[in-house]
Amino acid sequence: MLAENYPQQLSPELLDLYQEGMSARLHISLTARFDETCTLDVVSGIGANAEIGEDVVVKAGVFLGNNVNVVGRTILEKGVKITDGFSINPGAYFAEGARVAPRKTKATRHSYMRIALDSVIIGPNVVLPTEVQLGKKAVIPTTDSIAEIGRYGTSRRMVTAYGSAKEPLYSVGCQYGIGIARFKDRVAKNTGTEPKSAADYAKHMPEIEALGITVQAAYEREANLIDELRAQRKEAFAQARLNRL
């Protein structure tokens, strides 16, 4: 029985499917791992070596690819699709239909090139870019409020740009969610990168900065949606806590 192999809390609908002998249609890999406190609804699929952590809530129709890691206290609403090799840190909220674009190549150039840090909020039907990197408490209300540009430097890294309450933020390599002034300063002082890489970033800084201005404008147009998403996240987490009592 699934309840023996996977000790997570099952939705009544999912339990019914297993009791009816329909487990083969659920596409849950036997190598996936679940914390005993997570809540799993009738999913679209969970891939090999996926990990679902403490108090994670996975709603109906969610798809998690191979090697996806969802850390504790995250909520994935209906129809969310997280493709291979993406990591989600605690406190994240993915609204209905949000998804992460598939990797363009099977090889992962850097393990930190597909990650969402603590307490990010992703809006409904938002499509996150291929090698997206989101800093703490990022809010992505629409697909237009985030973009990637690159490849730059000796490691050919992508730059993620997205809007915020104050200014456009950028992520590159192991630097998450920094402003343009800090980005330029690090490039100018060759801090945390190789000289050849810094020179390449400097050469392309005008187009990198222009991308930030574009996504910031898209973010600022969505003030009402951002407020709604924050309220939606708060309500969803409150309901999840009640369900655990």
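The values are calculated or read from the model by the stated rules, or taken from the named source; none is laboratory data. Everything numeric in this text was worked out from a predicted model, so none of it was measured. Positions of Cβ are backbone-derived with ideal geometry, glycine not excepted, and every protein chain shown enters the neighbour counts.
Does at least one position in the range 68-78 carry a residue that is assigned to a loop (DSSP other than H, G, I, E, B), surrounded by fewer than 23 Cβ atoms within 10 Å (Cβ to Cβ) and touching a Ser or Thr at 6+ places or on another chain (Cβ under 7 Å)? Full working, then the answer.
In the first step, residues of the range 68-78 are kept if they are assigned to a loop (DSSP other than H, G, I, E, B); the result is 68, 71-74, 77-78.
Narrowing further to those that are surrounded by fewer than 23 Cβ atoms within 10 Å (Cβ to Cβ): 71-73, 77-78.
Checking which are touching a Ser or Thr at 6+ places or on another chain (Cβ under 7 Å) leaves us with none.
No, every residue in the range 68-78 fails to be assigned to a loop (DSSP other than H, G, I, E, B), surrounded by fewer than 23 Cβ atoms within 10 Å (Cβ to Cβ) and touching a Ser or Thr at 6+ places or on another chain (Cβ under 7 Å).
Is it fair to say GLN232 is under 30 Å from CYS38 (Cβ atoms), free of Cβ contacts under 8 Å to residues at least 12 places away in the same chain and assigned to a helix (DSSP H, G or I)?
In short, no.
Taking the range 186-245, which residues are at pLDDT below 90 and in contact with a strand residue (DSSP E or B) (Cβ under 8 Å, 6 or more places away or on another chain)?
Scanning the range 186-245 gives ARG186, GLY192, SER197, ASP200, TYR201, ASN243.
Considering each of SER164, SER155, SER197 in turn, give the residue that is assigned to a loop (DSSP other than H, G, I, E, B) and more than 30 Å from GLU96 (Cα to Cα).
Answer to the check: SER155.
For the range 26-43, state whether one or more residues are closer than 21 Å to PHE237 by Cα, more than 16 Å from the chain's Cα centre (by Cα), among the aliphatic types (A, V, I, L, M) and in a strand (DSSP E or B). Walk me through how you get there before you give the answer.
Restricting attention to the range 26-43, the residues satisfying the condition of being closer than 21 Å to PHE237 by Cα are 34-43.
So of that shortlist, the ones also more than 16 Å from the chain's Cα centre (by Cα) come out as 34-43.
Imposing the further condition that a residue be among the aliphatic types (A, V, I, L, M) reduces the set to 40, 42-43.
Narrowing further to those that are in a strand (DSSP E or B): 40.
Looking for residues that are closer than 21 Å to PHE237 by Cα, more than 16 Å from the chain's Cα centre (by Cα), among the aliphatic types (A, V, I, L, M) and in a strand (DSSP E or B), one finds at least one in the range 26-43, hence yes.
Test GLY65 against the stated conditions and say whether it is of a type outside the set (D, E, K, R), under 30 Å from ASP16 (Cα atoms) and in the same structural domain as LEU30 (by TED's automatic domain parsing).
The answer is yes for GLY65.
Are any residues in the range 152-168 closer than 17 Å to PRO206 by Cβ and either among the hydroxyl-bearing types (Ser, Thr, Tyr) or at pLDDT below 90 (or both), and if so, which ones?
If the condition is that a residue be closer than 17 Å to PRO206 by Cβ and either among the hydroxyl-bearing types (Ser, Thr, Tyr) or at pLDDT below 90 (or both), then TYR152, GLY153 are the ones that fit.
Look through the range 158-178, keep the residues that are more than 13 Å from LEU134 (Cβ to Cβ) and without any contact (Cβ under 8 Å) to a residue 40 or more places away in the chain, and return whichever of them is surrounded by the most Cβ atoms within 10 Å (Cβ to Cβ).
ALA165
If you scan the range 126-152, which residues turn out to be crowded, with 23+ Cβ neighbours inside 10 Å, in a loop (DSSP other than H, G, I, E, B) and not charged (D, E, K, R)?
Residues satisfying the conditions are VAL132, ALA138, PRO141.
State the number of residues belonging to the range 116-147 that are of a type in the set (Asp, Glu) and modelled with pLDDT under 95.
1
Got a sec? Which of ILE226, ILE180, ILE208 is touching an Asp or Glu at 6+ places or on another chain (Cβ under 9 Å) and either hydrophobic (A, V, I, L, M, F, W, C) or not assigned by TED's automatic domain parsing to the domain that holds GLU96 (or both)?
ILE180
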